[in-house]
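One structure below.
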Amino acid sequence: MSRLAAATRALSTDVRLLDELAADFASIYLTHAVGASPCESVWLDEDGLAMQQPMFDVRESYARHGLSAPDWRKRADDHLVFQLQFIATMLEAEDGISLQHVVRFLDEHTLRWMPDFATRVGQRAATPF
């Protein structure tokens, strides 16, 4: 059994673990105590600022496929959630060309910053999940 499967299975029975995961979630996404922004701009912008050129580049990628983030004022277009949703949408398309677009998007965007984000979260989060 994979570590992810085991961890997921444990979630349904371990209330303490759920509380610890909730605290990790808050540290990453709400209070930013982990210091690992889930937005591409922060990682790729020279000054580490949110909602910079990388966000607009991601927005253009979405638009080329008729997609958009719901409201950049609430969550930036280059947020991890939207990037993963975009990738999933493209992988679900049956047009045969989408895999090429996914690979390009990953190379140009997600894989340029995701390893650093994941490393920082892994080093600073309280839970191994």
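What is the helix-to-structure angle for 111-124, meaning the angle in degrees between its Cα long axis and the longest Cα principal axis of the chain, kept from 0 to 90 and rounded to the nearest 10?
10
Go through region 30-129 and name the GluC sites (Glu not before Pro) that are in a DSSP coil and have 12 or fewer other Cβ atoms within 10 Å of their Cβ.
Glu46, Glu94
Going by average Cβ density within 10 Å per residue, which order do the peptides 11-21, 61-71 take, highest to lowest? Don't skip to the end; give the middle numbers.
Details: 11-21: 11.5, 61-71: 13.2.
Result, highest mean first: 61-71, 11-21.
I need to check one value: relative contact order of the chain, counting alpha carbon pairs closer than 8 Å and at least 6 residues apart, in percent.
On the way: 106 pairs, mean separation 36.3, N = 129.
Reported as a whole number, the value is 28 percent.
Evaluate the Kirkwood expression for the hydrodynamic radius of region 17-62, namely the inverse of the mean inverse distance over all pairs of different C-alpha atoms, and round to one decimal in Å.
11.8
Per DSSP helix of 4 or more residues, -39500 (n - 2.57); summed, then divided by the residues of the chain. What does that give at 222 nm, rounded to the nearest 500?
-16500 deg cm²/dmol
Give the Rg (one decimal place) followed by the Dmax (whole number) of the chain, computed from C-alpha coordinates and expressed in Å.
Cα-based Rg and Dmax for the chain come out at 16.3, 45 Å.
Readers should treat all values here as calculations from the given coordinates under stated rules, not as data from a laboratory. These figures come from a predicted structure and were not determined experimentally. Cβ: placed from backbone, ideal geometry, glycine included. Neighbour counts: every protein chain shown.
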